[in-house]
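Have a look at the structure below before the remarks.
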Amino acid sequence: MAGAAAVNGGRSPVPLVALLLTGCSGIQSSLDPAGMQAGATFRLFELMIVMCGVMYGAVLLFLGASVWRVRRQLAAAPAIEPADPGLGKGLWAWGGVIVAGLVVLATGSFFVERALAAARAREALQVRVTGHQWWWRIQYRTPDGRWIETANELHLPAGRTARIELGAADVIHSFWVPNVAGKMDVIPGHTNVIDVSPHRLGWFRGQCAEFCGAQHAHMAFDVKVDSPAAFDAWLAQQGRPAAAPADAIAARGMAIVTGGACGLCHVVRGSAATGRAGPDLTHVGGRRSIGAGTLPMSRGALQGWIAQPQALKPGTMMPAVPLDGADADAVAHYLETLR
Amino acid sequence: MSPDERERLHAVWADRPGLLGFLGTVDHKRIAARYIVTVVGLLFLSGMLAIDMRLQLSQPDMRRMGPQQYNEAFALHGSTMLFLISVPVMEAMALWLVPLMLGARNMAFPRLAAFSYWLYLGGVLMLWLPHALGITPDLGWFEYPPLSGPAYSPGHRADIWAQMITFTEVAALAASVNVVATILKMRPPGMTLARMPFFLWAMLVASLMTIFALPAIMLATSMLIADRLVSTQFFAPAAGGDVLLFQHMFWFFGHPEVYIIFVPAVGFVSSIVETFSRRTLFGHVPMVLSILAIGVLAFGLWVHHMFAVGLPRLGNDFYTAASMAIALPAGLQMFCWIATMWSGRPRFATPLLWVIGFIATFVIGGLSGVMTASAPLDLQLTDTYFVVAHLHYVLIGGALFPLFGAFCYWYPKATGRMMSERWGVVAFILIVGGFNLGFFPMHVLGLEGMPRRIYTYGPDMGWGTLNLVATIGSAIAMLGGIVLTGNALISLWRGKPAGADPWGAPTLEWAARSPPPQHNFEEVPVVTSIAPLWRHGDLPVMTGLATDRREVLVTSVIDAVPQYRHHSVGPSLWPFVAALATSGMFVASIFTPWAVVWGAIPIGVALVLWFWPRRPRSATGPLARR
Amino acid sequence: MNGERALRRVGDLAGLPTSAQGPRNLVWWGNISFMAIEGTGFALAIGACLYLLGQSPHWPPPGDSLPGLGWSGAFTLALVLSELPNLWLIRQVRAKSIARVRLGMLVMTLIGIALIGLRWFELQHLNVGWDHDAYGSTVWMLMVLHTSHVVTELVETAVLTVWLYTHEVGDDQLGDVEDDADYWTFVILAWVPIYLLVYWVPRWL
């Protein structure tokens, strides 16, 4: 938490701010930048906090002094338009201070705006993210022009810029990974583009930031910033079709997924499940969470999700799938092995 | 004025007793009081919704509300606070105060004022009756299509929201026309524009802003309803429509709306500071220029609500600069108020405490506004709890605190009783302290990545502690609200008699009795100064306004030179009937477009009867009575 | 008494007139304010149309046919020419010639009825449904917005005419007639940009 520490290091003019900022957890925080865009924005934020803190202090000082002065006020009769040349000059000075402060802040803002735009010039990894009620479809373009699909987990190579093309399948959403960059709305009928240049390795979290209906709260995704080599390996692995089931239980699970209701909405590449309405499950077992950040990935969680999605995420488009205990376990086991 | 004349004047301006008198009154004070009572009731309902939401968010993974309940709660809370409380209560204060401050006997269009209230009440019922029946809008206070469109919001929740807006906006427009005409044409002799109290400038600017801002939202919601009801394609991307058009139109209204709420508050603060500092406002002219500047600038920066929609960067730069520029007039106002206290002889009664609480709180909201005005920084802040904190600092700190101060300030004039100072201070400490404790942590939550409008969050997000603090703070503020209301109610019986001018104030409303009689003033005051009641000696007046019919004085716009004696219309049931007919049309239009056609007929009939002049039958012409 | 203060009489208002014409009249300001509200509404509707027009590559979209020029031309001509009797009427109001004011209002009512008839045929020749696409929705929005003003103005004129013929006319009623005539001018002025936008802009693009 280098950024917050900088604020805490005595520069913050409002001690309360510094005190409160120490509590941030980091994986979804604009105060802990791990990318070029978030970093530039955070520096602007620091500038703002200092300038605004000084201005607020000045107002409180003046207010406090005028209250304190009460004790030596003597005049009895109310005064109609008394002459106060000193205050008149003060007003001009105050206006000058405000204008100067605003010029500094606006200039800082323009420079950061330009910095955000500058990333575009570089060669970029091409990613397409589509917002659905309430999950994220994620597609990568490989150097040979293919598209590799996954869902709810975004991997990015550190030190490179990814150009993310945002599309909406239904209503307006907003794509936001605060540690990496500011948000960009995902709007039906418009294609927005956001450039992100993460530079610190690790797991982060993104979340939909524009209210999009019942489960707006559970429309998150995990973000993994990898070294370029690890990223390339991951992408190559994502491009492969699903592995064949390794044991009898997994085989039974696969039969249910491809032959039953699951395959109508989900795709498991290399199998008969080819639905497009829901997230791609080809490598679902390798993901960190399920239900767009609703539950951490585990066999038990998968089982619960399949049996009772409406209890875990009321309103989700995923219907409950009536399976007996053994079948549900087989499906969960099969999905877990899809790494 | 002779006792005979005085008795006649009373009789001419008196309301009829009973239900007909109640429904037909055109007394601006009674109408404004109804507005205020309705608003206080709604404030409590809305506050309970807030507490409900705060409890749900006080800990991670709380299950006391499901997503549907939570979404309904914030939609109802936001829509009520913005459309049914903030704007209407400012109109109510204008309706109550403007004629009194002008030494006038009523508003310019008394029946229009009655119509405004009845229609506003229709809007209140439009939102809250269906809620009682379980049909509540659930998409927030701005319902963006396509989420609010026919495909993703079947049923009538979105229609109810849209028509509630039509109700309140028609009511607000009617009230604004009334305020503008009253301030421009009914000032007392001698009250030139240069001698007009600052409060009236604030109300004039806010009303003019209303006139130019509200048509945008009416058009936007009408287009939304048309998309939903008769399958127009304004917001359907597949048929050439554009969802961002709605956002542009909504915020073309929505941003000025914030200032329509804030500018009257600037008026309250100025009146209070002036009275309790025992000197006229420092920098009257810069203050007037600053609200005029705000009124103009407010229309040029709606795009700062849309920095994340992906508009061209050059446009973002422009709107960043324009949005930051508004800090200049607002900052100068701060200086003028504090300078007035600095150079005056302040007396720290409750109303002035509220002003101090307002300055200390609102400046935080203003500065966080400067942060959100910066396009690149706003990409991190918008749609998070930082914005939730910002908008509450601006609207509660910037508008409700001055309103509470104004309430305490003018309460003796309205009721003839003083409120308890001791309980006033208790309420002040609870509300200002609780509010800051509750809302300041939200800035940090937003920076830590908490989006707004989520009904729950996981324990690993680390947001639990600050959310708990926020909940405790909100509960304390709510308690303060109960103390404030209790103080107002008990003081109705127990308060000390106030007399006409308990604070030693400079403006004309304090020359009337407390509470003012139905006709407010017997004679027309003449104004020779910006602080007419601070002139020594007797109050100069002009006689000659009729005592045997309702009459008001109309003067010239700039110099307030008397022009003619205007016949002011009396009580009538037709505004009520017209509002009822309009309500019927609005409600039915949710179900069928033909309601607009057939519903226009009863409205037309009611309006014709409302405006039908009472004169003798014709003795000339082809249709003369023979 | 006004409160508790002693009063000093500095003048008397009893000699003032009890009505006034034009901008001196209080009601004139109400009328002009409502025109400002509706004018803003028209401007915003036009703005919405220009926004959608700017967002789409073709206006109207391929496949839609252009609105007819015949009936709309007749309506526009009639509406603009109706300003002549309207101006005459305002002059009669200023001259307080009751008989001519009554006649003028009757004429304006008849003109209004004729205009509604022309508008009815005009609406049959827009050549696009409001539910067809955003272009159709926009055209209909502008037409409905203006038509509702023509209808309102006609009803107001007709009711006022009936009243004028059956009652003794006072100065306040002459003021009402003047406000009504001003409003008629407003309805004409509002039509000009809408006419160009609906009928000519798609042809020029």
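Among the residues in the range B:577-593, are any of a type outside the set (Gly, Ala, Ser), within 10 Å of another protein chain (Cβ to nearest Cβ) and within 29 Å of the chain's Cα centre (by Cα)? First the steps, then the outcome.
Narrowing the range B:577-593 to residues of a type outside the set (Gly, Ala, Ser): B:577, B:580, B:582, B:585-587, B:590-593.
Next, only the ones that are within 10 Å of another protein chain (Cβ to nearest Cβ) stay: none.
Checked the range B:577-593: no residue is of a type outside the set (Gly, Ala, Ser), within 10 Å of another protein chain (Cβ to nearest Cβ) and within 29 Å of the chain's Cα centre (by Cα).
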> For the range B:341-372, which residues satisfy the criterion of being modelled with pLDDT under 95 and in a helix (DSSP H, G or I)?
Replying inline: B:MET341, B:TRP342, B:SER343
>> Test of understanding: among B:GLY537, B:GLY604, B:GLY599, which residue is out of contact with any Pro (no Cβ under 9 Å at 6 or more places or on another chain), part of a helix (DSSP H, G or I) and within 8 Å of chain C (Cβ to nearest Cβ)?
In response: B:GLY604
> Here are some residues: B:PHE282, B:PHE268. Which one is farther than 30 Å from B:THR221 by Cα and at the interface with chain A (Cβ under 10 Å from one of its Cβ atoms)?
Replying inline: B:PHE282
>> So, in the range A:240-274, how many residues would count as being farther than 14 Å from A:LEU338 by Cα and either among the polar types (S, T, N, Q) or touching a strand residue (DSSP E or B) at 6+ places or on another chain (Cβ under 6 Å) (or both)?
In response: 1
> In the range B:82-91, what residues are buried (at least 24 other Cβ atoms within 10 Å of the Cβ) and of a type in the set (A, V, I, L, M, F, W, C)?
Replying inline: B:PHE83, B:LEU84, B:ILE85, B:VAL87, B:VAL89, B:MET90
> Among the residues of the range B:489-507, how many are aliphatic (A, V, I, L, M), touching a helix residue (DSSP H, G or I) at 6+ places or on another chain (Cβ under 9 Å) and more than 18 Å from B:PHE276 (Cβ to Cβ)?
Replying inline: 2
>> Checking the conditions here, which among C:LEU174, C:LEU196, C:LEU189 is assigned to a helix (DSSP H, G or I), buried (at least 17 other Cβ atoms within 10 Å of the Cβ) and within 23 Å of the chain's Cα centre (by Cα)?
In response: C:LEU174
>> Suppose we filter B:ASP138, B:ASP52, B:ASP159 for residues that are within 14 Å of chain A (Cβ to nearest Cβ) and of a type in the set (Asp, Glu); which single one remains?
In response: B:ASP138
> Is it the case that the range B:292-305 has a residue that's surrounded by 24 or more Cβ atoms within 10 Å (Cβ to Cβ), at pLDDT 95 or above and closer than 20 Å to B:ILE530 by Cβ?
Replying inline: no
>> When you check B:LEU224 against the structure, is it in contact (Cβ under 8 Å) with a residue 40 or more places away in the chain, assigned to a helix (DSSP H, G or I) and surrounded by fewer than 24 Cβ atoms within 10 Å (Cβ to Cβ), yes or no?
In response: no
>> So in the range B:227-238, with the set limited to residues that are more than 14 Å from chain A (Cβ to nearest Cβ) and part of a helix (DSSP H, G or I), which one is nearest to B:VAL296 (Cα to Cα)?
In response: B:ARG228
>> Any residue in the range B:442-466 that is within 9 Å of B:THR384 (Cβ to Cβ) and facing another protein chain (nearest Cβ under 7 Å) sitting within a Cβ distance under 7 Å of a residue that is outside any loop (DSSP other than H, G, I, E, B) and at pLDDT 95 or above? List the pairs, counting only those 6 or more apart or interchain.
In response: B:LEU447/B:PHE386; B:PRO451/A:GLN207; B:PRO451/B:THR384
>> Within the range C:87-104, take every residue that is closer than 23 Å to C:PHE186 by Cβ and touching an Asp or Glu at 6+ places or on another chain (Cβ under 9 Å) and give me the one that is surrounded by the most Cβ atoms within 10 Å (Cβ to Cβ).
In response: C:VAL93
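With under 20 Å from B:SER290 (Cβ atoms) and not assigned by TED's automatic domain parsing to the domain that holds A:ASP195 as the only criterion, which of A:LEU102, A:LEU47, A:LEU60 stands out?
A:LEU102
Restricting the range A:96-148 to residues that are β-branched (Val, Ile, Thr), within 21 Å of the chain's Cα centre (by Cα) and more than 9 Å from chain B (Cβ to nearest Cβ), which is farthest from B:MET371 (Cα to Cα)? Steps first, answer last, please.
Our first condition is that a residue be β-branched (Val, Ile, Thr); within the range A:96-148, this holds for A:97-99, A:103-104, A:107, A:112, A:127, A:129-130, A:138, A:142, A:148.
With the extra rule that they be within 21 Å of the chain's Cα centre (by Cα), the set shrinks to A:112, A:127, A:129-130, A:138.
Checking the rest, the ones that are also more than 9 Å from chain B (Cβ to nearest Cβ) come to A:127, A:129-130, A:138.
Values: A:VAL127: 30, A:VAL129: 29, A:THR130: 30, A:ILE138: 32 Å.
The residue in question is A:ILE138.
Yes/no matrix, rows are residues, columns are (1) assigned to a helix (DSSP H, G or I); (2) over 17 Å from B:TYR411 (Cβ atoms); (3) of a type outside the set (A, V, I, L, M); (4) modelled with pLDDT of 95 or more:
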{"position": "B:LEU445", "(1), (2), (3), (4)": "yes, yes, no, yes"}
{"position": "B:GLY449", "(1), (2), (3), (4)": "no, yes, yes, yes"}
{"position": "B:ARG453", "(1), (2), (3), (4)": "no, yes, yes, yes"}
{"position": "B:TYR457", "(1), (2), (3), (4)": "no, yes, yes, yes"}
{"position": "B:ASP460", "(1), (2), (3), (4)": "yes, yes, yes, no"}
{"position": "B:LEU468", "(1), (2), (3), (4)": "yes, yes, no, yes"}
{"position": "B:ILE472", "(1), (2), (3), (4)": "yes, yes, no, yes"}
{"position": "B:LEU479", "(1), (2), (3), (4)": "yes, yes, no, yes"}
{"position": "B:LEU489", "(1), (2), (3), (4)": "yes, no, no, yes"}
> When both residues are 6+ apart or on different chains and their Cβ atoms are under 7 Å apart, which pairs have a first residue that lies in the range B:356-375 and is more than 7 Å from chain A (Cβ to nearest Cβ) and farther than 16 Å from B:GLY438 by Cα, and a second that is among the acidic types (Asp, Glu) and crowded, with 24+ Cβ neighbours inside 10 Å?
Replying inline: B:THR372/B:ASP378
> Restricting the search to the range C:180-203, which residues are β-branched (Val, Ile, Thr) and closer than 12 Å to C:VAL80 by Cβ?
Replying inline: C:THR185, C:VAL187, C:ILE188, C:VAL192
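Across the range B:268-296, what is the total count of residues that are in a helix (DSSP H, G or I) and under 19 Å from B:ARG347 (Cα atoms)? Walk me through it before giving the result.
Our first condition is that a residue be in a helix (DSSP H, G or I); within the range B:268-296, this holds for B:268-277, B:284-296.
Of the ones still in play, those that are also under 19 Å from B:ARG347 (Cα atoms) are B:268-277.
Residues that pass the stated criteria total 10.
What about A:GLY213, is it of a type in the set (Gly, Ala, Ser), surrounded by fewer than 19 Cβ atoms within 10 Å (Cβ to Cβ) and out of contact with any Pro (no Cβ under 7 Å at 6 or more places or on another chain)? Give the derivation first.
Working: of a type in the set (Gly, Ala, Ser): yes; surrounded by fewer than 19 Cβ atoms within 10 Å (Cβ to Cβ): no; out of contact with any Pro (no Cβ under 7 Å at 6 or more places or on another chain): yes.
Taking the combined requirement at face value, the residue does not satisfy it.
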> Can you tell me which residues in the range A:279-294 are outside any helix (DSSP H, G or I) and surrounded by 18 or more Cβ atoms within 10 Å (Cβ to Cβ)?
Replying inline: A:PRO279, A:ASP280, A:LEU281, A:THR282, A:HIS283, A:ARG287, A:SER289, A:ILE290, A:GLY291, A:ALA292, A:GLY293, A:THR294
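Are any residues in the range C:22-38 more than 7 Å from every other protein chain (Cβ to nearest Cβ), part of a helix (DSSP H, G or I), of a type outside the set (Phe, Trp, Tyr) and buried (at least 17 other Cβ atoms within 10 Å of the Cβ), and if so, which ones? Lay out the reasoning, then the answer.
Applying the first criterion (more than 7 Å from every other protein chain (Cβ to nearest Cβ)) to the range C:22-38 yields C:22-23, C:25, C:27-28, C:31-32, C:35, C:38.
Subsequent filtering for residues that are part of a helix (DSSP H, G or I) retains C:22-23, C:27-28, C:31-32, C:35, C:38.
Right, trim to of a type outside the set (Phe, Trp, Tyr) and you get C:22-23, C:27, C:31-32, C:35, C:38.
Passing the criteria: C:VAL27, C:ASN31, C:ILE32, C:MET35, C:GLU38.
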>> Given the options B:VAL554, B:VAL569, B:VAL527, name the one that is not polar (S, T, N, Q) and not in a loop (DSSP other than H, G, I, E, B).
In response: B:VAL554
>> Could you check the range B:503-518 and list, in sequence order, the residues that are in contact with a Phe, Trp or Tyr (Cβ under 9 Å, 6 or more places away or on another chain), more than 16 Å from A:PRO78 (Cα to Cα) and either within 11 Å of chain C (Cβ to nearest Cβ) or among the β-branched types (Val, Ile, Thr) (or both)?
In response: B:GLU509, B:ALA511, B:ALA512, B:PRO517
>> Exactly one condition in (1) among the charged types (D, E, K, R); (2) more than 9 Å from chain B (Cβ to nearest Cβ); (3) assigned to a loop (DSSP other than H, G, I, E, B) is false for C:ARG119; which is it?
In response: (3)
> Within the set of pairs 6+ apart or on separate chains, which have a first residue in the range A:179-207 that is surrounded by 24 or more Cβ atoms within 10 Å (Cβ to Cβ), a second that is at pLDDT below 95 and among the charged types (D, E, K, R), and C-beta atoms under 6 Å apart?
Replying inline: A:ASN179/A:ASP32
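The values are calculated or read from the model by the stated rules, or taken from the named source; none is laboratory data. Just so it is clear, the structure is predicted and the values come from calculations on it, not from any experiment. Cβ coordinates were reconstructed from backbone atoms using ideal geometry, including for glycine residues, and neighbour counts include every protein chain displayed.
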